[in-house]
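Read through the structure below, which is laid out as structure tokens, and then see the notes.
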Amino acid sequence: MIFSKYLFFILSFIAIYAALKVLISKKPMHSVLYLTLAFFAIGGHYILLNAQFLAVVHIIVYAGAIMVLFIYTVMLLNLNIQGEFPKSRLAKIASALAGGLLLMTLIAIFRSYDLKMVADPSLNQIGLVKNLGKVLFEEYYLPFELSSILFLAAMVGAVMLGKKDIY
Amino acid sequence: MRHEMKSKYFSQFRSVLRNRINIVNTFKLATMQNMQIIPLDYYIFFCSALFAIGVVGVLVKRNALVIFMSIELMLNSANLLLAAFSAYRNDPAGQIFVFFIMVVAAAEVAIGLALLVMIYRSTHTIDINVLNKLKW
């Protein structure tokens, strides 16, 4: 397909543009919506790599649960007020410089690497639910069970933190 | 002294040549399958850019909610890079790890937002320049 050659660049452009707009937006609600767009673009990247299980779980967990939690918080606490946090020009310039330096360092590190690409990602089968599930339940069973305990602790903690009177 | 410089240049030249031969071999593999493989380096650059944007967001913004969202962006960039490496090397362990990172991120967001709501209830602000004391 001719289109798939440019799909990577289209999705990357959408993701980086949305991530930049998260920082630049004046209202927090706009930032949340741009982050949701970035998550959808990253989900598209997962599909490009043929990681089907991860793509679906990513959309369900991030765009469907985490972003909805953020939107609840912004709407319930009425945080959608713009211009509430003014920052000095020096802070903006310094942070842009710091971020740019970090990016340059990371690119310089990875420029001279000899990365071995063993397989073509759109042809491999390890991203399918069946194969990934086999590996998950055969080799990584203990972390799977421990993650359920982690979720239980997180749920109990969130409910306890949400109560009005703890005493 | 000149012999050492010469051998150093030879080894650099050989490593550059090996790099180019590796890329040429990958493109040969791609054209044999009638498709263009995106080099893994492109994924590294893209995820580094997302990570740097997340770092700038944590440093600059004073709204605690936007800081939280930048942390999620950093986590996502790491997730994508792990999945890319796993897909290019035919190793499922990378994608399993991404699954567990998503688990931890979801739990962390639940607790973090509950904490944020509790803080807002007592101080009516989420500006981190105001919330910079451990006990107020």
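Overview of results
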read-out	value
Ratio of Rg to Rh over the stretch A:1-123 (Cα coordinates, Kirkwood Rh, two decimals)	1.05
Length added when fully stretched, B:F100-B:L115, from 0.36 nm per residue minus Cα-Cα	3.1 nm
Subset of A:K27/A:K163; A:K26/A:K92; A:K27/A:K92; A:K163/B:K61; A:K5/A:K134 violating a 20 Å alpha-carbon distance limit	A:K27/A:K163; A:K163/B:K61; A:K5/A:K134
A:L146-B:D91 FRET efficiency (beta carbon distance; Förster radius 35 Å; 0.05 resolution)	0.95
Helix-only mean residue ellipticity at 222 nm for chain A, each DSSP H run of n ≥ 4 adding -39500 (n - 2.57), per residue, nearest 500	-23000 deg cm²/dmol
For B:66-77, mean number of other protein chain Cβ atoms within 10 Å	5
Length gained when the stretch A:V129-A:L102 is fully extended (0.36 nm per residue, less Cα-Cα span)	6.1 nm
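Taken together, the values in this text are just the output of simple stated rules run on the coordinates, not laboratory data. No experiment lies behind these values; they were computed from the predicted model shown. Glycine gets a Cβ as well: all are built from the backbone with ideal geometry, and neighbour counts include every protein chain shown.
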